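The values are calculated or read from the model by the stated rules, or taken from the named source; none is laboratory data. Because the structure is a prediction, the values reported are computed rather than measured. Cβ placement follows ideal geometry from the backbone for every residue including glycine, while neighbour counts extend to all protein chains displayed. Side chains are part of the model used for accessible areas, which takes the heavy atoms of the whole protein and leaves out ligands, DNA and RNA. Shrake-Rupley method; radii C 1.70, N 1.55, O 1.52, S 1.80 Å.
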Amino acid sequence: FIKTYSNEEDTILDITCYNYLTGVRSIKLNRKYYGYEITPKTVKRVEEHLNEHNVEATIYCDDGCKMKQTPDNFADLVMTCPPYHQLEKYESVDGQLSDLKTYEEFLDMIEICGKNINRVLKPGGFCVWVCGDWREGGKFRSFHSDSIDLFEKAGLITHDIIIMKN
């Protein structure tokens, strides 16, 4: 995705960077990398891994949905794999998406995220949102289509949908 949706010297913004590999790949492909991670413990782990790979990157211990540290028209590519509400459980901190009680509250935060993605993307930039759907209490959660609807409402334009078979 990094090679397809960005060019050398571009700025990559990862709004849930619990997986340090996006940072390593971005830097190795001659991009600038910035990441958000909401949990201090994970920030420390990510920074340790980046240092092991001699990768210089900026990691913010802050809410990646709100992107308070990031100015408007900053990133050429916003790329992430968000949590799947309560299907995946992460360290509890204020603002943690996996701590939200209802799917509707979760989607409210995804809507805020979409507005901020639109805000921080440079004109012509891309967002790669790697996500899947799931069942919760017998109900099908079509997270990919809910995300698209919220992002389009926020002003983003759907360029493509890529379906990967796991």
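Details
- Failed condition for GLU111, given (1) assigned to a helix (DSSP H, G or I); (2) open to solvent by 40 Å² or more (accessible area, probe 1.4 Å); (3) among the acidic types (Asp, Glu): (2)
- Selected residue (criterion: farthest from the chain's Cα centre (by Cα)) from residues of segment 114-137 that are within 16 Å of ILE12 (Cβ to Cβ) and open to solvent by less than 40 Å² (accessible area, probe 1.4 Å): GLY125
- Close contacts from segment 119-140, counting a first residue that is at positive phi and among the small types (Gly, Ala, Ser) and a second that is part of a strand (DSSP E or B) and modelled with pLDDT under 90, with Cβ to Cβ under 8 Å and a gap of 6+ residues or different chains, come to none at all.
- Restricted to segment 70-96, and to residues there that are charged (D, E, K, R) and modelled with pLDDT of 95 or more, the residue that is surrounded by the most Cβ atoms within 10 Å (Cβ to Cβ) is ASP76.
- Residue list for segment 20-69, restricted to those being open to solvent by 60 Å² or more (accessible area, probe 1.4 Å), part of a loop (DSSP other than H, G, I, E, B) and either of a type in the set (Asp, Glu) or touching a helix residue (DSSP H, G or I) at 6+ places or on another chain (Cβ under 8 Å) (or both): HIS53, GLU56, LYS66
- If you go through segment 146-166 and pick out every residue that is hydroxyl-bearing (Ser, Thr, Tyr) and surrounded by 12 or more Cβ atoms within 10 Å (Cβ to Cβ), you end up with 1.
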